[in-house]
Every structure is written in structure tokens, then in C-alpha cells.
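Quick note: the coordinates plus some simple rules give every number you see, no bench work behind them. In this text the structure is predicted, and so the values were computed from the model without any measurement. Positions of Cβ are generated from backbone atoms using ideal geometry, with glycine treated the same way; all protein chains shown enter the neighbour counts.
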Amino acid sequence: METEASQHYRLIDFRRVEDKCAASKIEAIQRYILNQVRPGERVEVIVAKPDTWYTLTQLGDALGYQVLESRQEGGEYRILIEKII
């Protein structure tokens, strides 16, 4: 699920989590960010579904991170975030 990127941030692939219902997948991603990402740390989240991508780009303040970059690449969506709390 997770790899170290050459850009000095982790890549976190949540495409498999997206098989869950909408609330469960966002909850799983939120738990991961809260428990596994340190304040100030940057991670790139990879998701496959546009609704998950949209939700993650809109909920940064509520989930404790800032969206630094968001883009679509082929059939996946990437969100670079920095944990702020």
C-alpha cells in the first residue's frame, strides 16, 4: 500500500480500499492519516474513483491536512497532502 517516493514523501495507494462503501473508505483513509502520518509530513494519496478524489480534496481542514497538489493521471487520481495537526 505504501512506498517511499524519490520526492521525499510517501506514496499511499488506497485504490483497494475503494471497494468499501463511501463512508467506510473515507473513514479508513482518515484513520490512516491520523495514525500513520506525522504533523508536517507529506504523503501522496492515490485513489481510482473521482468521488473519493473529490471528497479528499474538500475535507482537508476537517481531516487535518492541507492539499498541496491534486491531479489526474490516466485512470487514477493523486493528491499530495501535508498533515497540519
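Before moving on, here are some points about what is shown:
- Among 70-80, 46-56, 25-35, the order from most to least packed when residues are scored by Cβ within 10 Å on average: 46-56, 25-35, 70-80
- Pairwise label distance in nanometres, residue 67 with residue 82, each label 7 Å out on the Cα-Cβ vector: 1.7
- P(r) tail fraction, segment 9-85 - alpha-carbon pairs more than 14 Å apart, %: 55
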